[in-house]
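The values are calculated or read from the model by the stated rules, or taken from the named source; none is laboratory data. These figures come from a predicted structure and were not determined experimentally. Cβ placement follows ideal geometry from the backbone for every residue including glycine, while neighbour counts extend to all protein chains displayed. Keep in mind that these areas ignore ligands, DNA and RNA; they rest on the heavy atoms of the full protein, side chains included. Shrake-Rupley method; radii C 1.70, N 1.55, O 1.52, S 1.80 Å.
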Amino acid sequence: MDIYSKPIAFAVLAVVVILVGTVVTMFIPLFMPATQPPGDFVKPYTAVELEGRDIYIREGCNNCHTQTVRPLRTEVARYGEYSKPQEFAYDRPFLWGSRRTGPDLNRVGGKYPDSWHYQHMDNPQAMFQQSNMPAYRWLAQARLDTSYTAKKVAALGYGYSPQDVQRQLDDFRARVTAVDYPSKEIRNKVTPGALKGDLTELDALVAYLQKLGKDVKTVAAEASAPKAAEAAAALKNPYEGNRESIEEGKKLFAENCSVCHGADAKGKLGPDLTTKKKKFGDTDGDLYASIAKGRPGGMPDWEKTLGSEKIWKVIAYLRGIEGKQ
Amino acid sequence: MKSNGYDDSVVTGFTFSALFWLIIGLLVGLLIAAQMFLPALNLAPWLAFGRLRVIHTNGLGFGFGLAGIFACTYYMLQRLTRTPVAFPRLAKFHLYFFNACIALAALSLFAGMNTSKEYAELEWPLDVLIVVMWVIFAINVFGTLLKKREGQMYISLWYIVAMTVAVAVLYIVNNLEVPVSWFKSYSLYAGANDANVEWWYGHNVVGSVFTFPILAMFYYFLPKSVNIPIYSHRLSIISFWSLVFAYLWTGAHHLMFTPLPEWIQTVAIAFSIFMIAPSWGSVVNGYYTMQGNWDRMRSNYLAKFFIFGITFYGLQTIQGPTQGLRTLTSFFHYTDWVIGHVHMGTMGWVTMIISASFYYMVPKVFATEVYSVKLANLHFWLILVGQLLFTITLWIAGIQQGAMWKATNEDGSLTYSFLEAVAAMYPYWKIRFVGGLIYFAGIAVFTYNLIMTVRKAKVAAPAAVPRPA
């Protein structure tokens with residue numbers, strides 16, 4: 001029997017040969033719970049977050065941003081806790097990406113305040129001159145289309161009723177259009193007048209970005225909060241008053257902190273740091289904890305990227321300029 | 001042609017469709033290469049990098065790549081079976097339908113209809129059209145094979161059959177999705193499963209489109225061009241079966257250190273390393289075919305294209321498996337190194353082989369000689385230099401970027417912010433753009449040369465213009 005003269009038999013054999021690896025590495029894992037384990041700490045996307053995710057997909061953000069932190073030391077230092085399979089149980093499609101032209105986003109949720117994102121999407125180069133991120137101004141100028149939201153949620157089986165979906169949309173609109181919304185000023189700046197009271201595509205995208213990694217962070221924060229507070233209270237700055245260190249701290253501040261706190265530290269997206277009274281406590285330990293571990297409402301944690309020495313130098317610099325005016 | 005009874009009108013149609021999509025895809029590529037260092041070029045929603053990159057990959061992979069493959073397949077299929085294409089009118093329809101699909105695909109991607117799964121970005125209505133298009137193609141492949149007047153199927157036909165069945169399985173399984181409207185759907189699979197299915201597809205569609213049919217061209221057109229039979233039939237049998245077997249195990253090397261179960265990653269590495277053997281089986285077969293006739297590299301411009309092409313294939317298939325190893329992937333993955341790797345395959349291997357196949361095929365179809373061997377040589381050197389400048393620059397860029405991401409200070413903190421690592425890439429991205437420009441110039445020469453070849457034939461002998469048999 002000569003397979004090379006019988007095209008149909010040849011094709012059948014080729015399919016069988018192709019299917020061996022397919023079945024072992026792709027088909028069987030689909031039915032192994034360990035491939036995509038469910039996790040009780042991960043919550044499905046809300047209706048707004050889901051719409052934001054669809055905008056992320058539509059604009060092809062995954063072409064430049066990954067969403068998996070690998071279990072490598074420097075990667076965990078840069079982005080945070082490495083990605084767990086449970087986190088992706090609701091991700092259809094997955095958005096792990098394949099290229100980091102921009103940074104990984106799997107832990108970006110809660111890292112910055114909403115205002116940071118509104119401003120960054122409007123004009124990334126105004127915040128980071130060397131960035132090659134495109135501006136996504138048009139997202140703030142487009143009303144969020146919610147005509148398919150209920151249908152989408154139903155297709156994904158998130159278990160919300162159409163009323164739930166409507167309530168989530170209404171609640172979210174109420175939140176971002178409220179007078180006391182912390183990022184109101186910048187949202188109003190980038191959103192055209194007619195849409196100020198409405199949900200825009202950018203609102204949804206920011207909601208989605210703020211969700212990324214949030215569930216994992218909540219678990220981690222609950223576990224480590226009391227210990228960290230205790231340890232921080234006892235700390236003292238080894239560089240206090242050291243002129244060289246203050247100079248270095250000034251440089252570090254300009255590079256890392258001025259985007260949000262302003263070049264003069266008088267506050268922009270983040271609070272004014274030149275006052276003696278600080279938002280989260282005034283001792284060296286409090287300041288160290290604020291910078292190292294981050295604070296709710298948009299202060300990122302810097303311990304793993306900057307390290308403790310540099311943080312103390314920044315504090316030494318801040319001590320030198322506080323209460324001057 | 002009338003004289004031999006073969007229907008080559010569809011060969012010509014697909015050849016020039018391929019050239020058209022090649023030019024479009026490269027222009028988009030040049031624009032996004034410039035956007036990397038000039039973000040102000042993201043002029044409108046439909047001209048932003050996130051949408052254009054997908055048009056670049058789909059336009060070249062499926063617009064240019066598939067059209068070139070269809071052109072060469074219809075040519076080789078008829079000659080290797082000594083049978084005219086089984087359904088010439090269906091083949092004609094295939095040509096128009098294919099181009100309509102690609103045009104619609106480009107428009108939908110411009111509009112942001114995008115499933116986000118790499119090389120499978122098209123939304124579900126287009127997926128359905130693509131599957132119909134593929135079935136039409138398969139009917140002609142198998143229809144012609146069943147009517148064949150040649151007893152044995154030559155190596156090239158094995159690869160064509162493998163492509164025909166593999167692409168069908170891959171495309172359908174990976175694109176299973178739940179529609180919510182005409183313009184939006186969600187993947188059937190979630191999270192790690194979706195990733196695993198996607199890269200099983202993503203890796204193997206590259207294999208089935210950029211390896212199987214290109215090898216088919218290589219095994220057919222190299223011996224034809226240099227007029228020497230292939231060195232070893234037995235080696236080609238071993239290469240073929242081990243290649244199609246091992247390919248399908250390796251997709252997860254795109255997912256190293258992700259939350260995908262570790263055993264799938266490890267199996268993928270093992271098979272990736274194994275893949276060097278069948279890949280080099282074809283490389284060696286090509287080199288040994290030239291044994292004793294290496295002077296043809298100087299005298300026969302087609303030999304140059306084929307041998308350089310297969311050499312890039314050989315380099316590609318060593319680089320690929322090694323960069324999948326855990327230590328190296330932890331350094332190189334997500335950097336421009338990988339972009340360099342991909343472009344050696346596409347700009348080196350795939351385009352060189354398709355170029356030479358067209359140079360062989362088009363003059364034969366029109367019973368003429370190529371318009372200018374000099375221009376063909378210019379084309380060769382331009383795309384070679386352009387490609388090398390492009391890929392080597394990105395490899396160096398990838399090494400620097402990987403090192404900057406991993407650099408730490410004495411206290412374990414990170415030496416460079418992400419932005420510093422971006423800023424360090426700008427010189428490389430500019431050089432890459434220049435590499436792309438040189439390459440584009442080569443393709444412009446290629447297109448001109450083929451258009452002039454056809455023109456010359458039409459002027460010399462209007463009767464030689466092919467008509468359906």
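Tally Lys/Arg at +1 and Asp/Glu at -1 over every other residue whose Cβ is under 13 Å from the Cβ of B:I307; what's the total? Could the numbers behind the result be given before it?
Working: positive: B:R296, B:R298, B:K304; negative: B:D295.
Residues close to B:I307 contribute a combined charge of +2.
Sort segment A:234-321 into rounded, prolate or oblate with this rule: let a ≥ b ≥ c be the square roots of the eigenvalues of the Cα gyration tensor; rounded if a/c is under 1.5, and if a/c is not under 1.5, prolate when a/b is larger than b/c, oblate otherwise. Before the final figure, lay out the partial values.
Details: a/c = 1.29, a/b = 1.15, b/c = 1.13.
Rounded.
Cross-link check: pairs A:K236/A:K293; A:K43/A:K152; A:K184/A:K250; B:K304/B:K374; A:K196/A:K277 evaluated at a Cα-Cα cut-off of 24 Å; pairs beyond the cut-off: A:K184/A:K250; A:K196/A:K277.
For the protein assembly as shown, the antiparallel share of DSSP beta bridges with both residues in that region comes to about 90%.
Distance between the modelled labels on B:D295 and B:I139, one decimal in nanometres: 5.2 nm (7 Å Cα→Cβ projection). Efficiency by 1/(1 + (r/R0)^6): what FRET value for A:S161 and A:V23, r their Cβ-Cβ distance, R0 = 35 Å, to the nearest 0.05? Step by step, r from the Cβ atoms, then E = 0.35.
With a Förster radius of 30 Å applied to the C-beta separation of A:K236 and A:Q125, the computed FRET efficiency comes to 0.15. Helix content alone sets the calculated 222 nm mean residue ellipticity of chain B: runs of n ≥ 4 DSSP H residues at -39500 (n - 2.57) each, divided across all residues, give -23500 deg cm²/dmol. Each of A:W312, A:G267, A:S245 was scored by the projection of its Cα onto the charge dipole of segment A:234-321, and the greatest displacement toward the positive side belongs to A:G267; charges sit on the C-beta of Lys, Arg, Asp and Glu. Ranking of A:C260, B:C101 by solvent-accessible surface, largest first: A:C260, B:C101 (1.4 Å probe, protein heavy atoms only, all chains present).
About the Cα centre of segment B:9-463, how large is the charge dipole given +1 on each Lys and Arg Cβ and -1 on each Asp and Glu Cβ? Please answer in debye to the nearest 20.
Values: 25 positive and 15 negative charges, 396 e Å.
Taking the Cα centre of segment B:9-463 as origin, the dipole is about 1900 debye.
Dipole check for segment A:21-137: with +1 at the C-beta of Lys and Arg, -1 at the C-beta of Asp and Glu, and the Cα centre as origin, the magnitude is about 340 Debye. To the nearest 10, the accessible area of A:Y239 is 50 Å² with a 1.4 Å probe.
Radius of gyration over Kirkwood radius for chain A, both on Cα atoms: the Rg/Rh ratio is 1.07.
So what is the calculated 222 nm ellipticity per residue for chain A, using -39500 (n - 2.57) for each DSSP H run with n of 4 or more, over all residues, to the nearest 500 deg cm²/dmol? Could you put the intermediate results ahead of the total?
Working: 15 runs with 156 residues, N = 325.
Calculated from helices alone, the mean residue ellipticity at 222 nm is -14500 deg cm²/dmol.
From the square roots a ≥ b ≥ c of the eigenvalues of the alpha-carbon gyration tensor of the protein assembly as shown, which class results: rounded (a/c under 1.5), prolate (a/b over b/c), or oblate?
Numbers: a/c = 2.13, a/b = 1.94, b/c = 1.10.
Judged from the Cα gyration tensor, the protein assembly as shown comes out prolate (a/c at least 1.5, a/b above b/c).
Placing A:D40, B:D411, B:D194, A:D301 in order of accessible area, with the largest value first and a 1.4 Å probe, yields A:D40, A:D301, B:D411, B:D194.
For the pair segment A:235-308 and segment A:18-57, the centres of their Cα atoms are 40 angstrom apart. The mean number of partner chain beta-carbon atoms within 10 angstrom of a residue's beta-carbon across peptide A:26-34 is 5. Placing dummy labels 7 Å off each Cα toward the beta-carbon, the span from B:F37 to B:I172 is 4.7 nm. Once both labels are positioned 7 Å from their Cα atoms along Cα-to-Cβ, the gap between B:W381 and B:K224 label points is 2.8 nm.
What ranking, highest mean first, results for peptides A:6-14, A:157-165, B:245-253, B:306-314 when packing means the other Cβ atoms within 10 Å averaged over each residue?
My ranking of the peptides, most packed first, is B:245-253, B:306-314, A:6-14, A:157-165.
Relative contact order, percent, of segment B:338-469 when contacts are C-alpha pairs under 8 Å separated by at least 6 residues?
On the way: 136 pairs, mean separation 50.7, N = 132.
Over segment B:338-469, the number comes to 38 percent.
FRET efficiency for the B:I451 to A:Y181 pair, using the beta carbon distance and R₀ = 56 Å, is estimated at 0.40. The calculated pair-distance distribution of chain B uses every alpha carbon pair, bins of 20 angstrom beginning at 0, and gives 23, 59, 16, 1 percent. Peptide B:32-41 shows a mean partner chain C-beta count of 2 within 10 Å per residue C-beta. Averaged over peptide A:55-65, the number of partner chain Cβ atoms lying within 10 Å of each residue's Cβ comes to 6. Charge dipole of the protein assembly as shown (Cα centre as origin; +1 on each Lys and Arg Cβ, -1 on each Asp and Glu Cβ, all else neutral): 2040 debye, rounded to the nearest 20. Which of the listed residues, B:F446, B:L22, B:M404, is farthest toward the dipole's positive end in the protein assembly as shown, when Lys, Arg count +1 and Asp, Glu count -1 at the beta-carbon? Of the candidates, B:F446 comes out farthest on the positive side. The spread of Cα positions in segment B:17-79, taken along each principal axis and listed from longest to shortest, comes to 51, 15, 13 Å.
Using a 1.4 Å probe over the heavy atoms of the protein chains, calculate the carbon and sulfur portion of the accessible area of segment B:308-370 as a whole percent. Carbon-and-sulfur percentage of accessible area, whole number: 73.
What's the extension gain from B:L27 to B:W280 if we count 0.36 nm per residue and subtract their Cα-Cα distance?
Working: separation 253, 0.36 × 253 = 91.08 nm, distance 3.31 nm.
Length gained between B:L27 and B:W280: 87.8 nm.
Here B:Y154 sits with roughly 60 square angstrom of accessible surface, probe radius 1.4 Å.
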